[in-house]
């Protein structure tokens with residue numbers, strides 16, 4: 001699918017329905033920071049366009065969505081990765097979501113999870 005075709009898809013009726021259902025499942029808040037403003041529905045994969053599974057989509061605020069694309073590029077990751085990022089931020093209130101995403105990306109999610117579990121966070 002070309003960028004133009006994808007842009008057209010995002011303007012279509014089908015995507016509007018799929019997007020609204022994803023927002024409802026996500027309780028109209030960002031999966032990372034819980035912001036309720038300027039929400040985007042991000043595709044974790046483009047393999048099933050027009051037939052997206054619930055797990056293919058994640059609700060992100062505009063800021064976290066932009067940060068994700070800047071830091072990771074491709075797929076967002078699993079729910080476990082989202083929870084890991086939230087846990088990093090909960091350990092250090094001064095840590096921003098962007099910093100947590102950067103740490104998790106560069107250190108590796110598995111290592112971060114081990115460290116968090118060793119501190120019983």
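The values are calculated or read from the model by the stated rules, or taken from the named source; none is laboratory data. Just so we're clear, the structure is a prediction, and the values are computed from it rather than from any experiment. Here the Cβ positions follow ideal geometry from the backbone for every residue, glycine too, while neighbour counts run over all protein chains shown.
Give 10, 32, 23 a once-over and let me know the one that is buried (at least 17 other Cβ atoms within 10 Å of the Cβ) and either in contact (Cβ under 8 Å) with a residue 12 or more places away in the chain or assigned by TED's automatic domain parsing to the domain that holds residue 67 (or both).
After ruling out the rest, the residue left standing is 32.
Out of the helices (runs of 4 or more DSSP H) lying entirely within the range 16-121, which hold 3 or more residues that are at pLDDT below 65? Give the derivation first.
Numbers: elements: 62-71, 79-91, 97-107, 109-118.
Once the helices (runs of 4 or more DSSP H) in the range 16-121 are filtered for at least 3 residues that are at pLDDT below 65, what remains is 97-107, 109-118.
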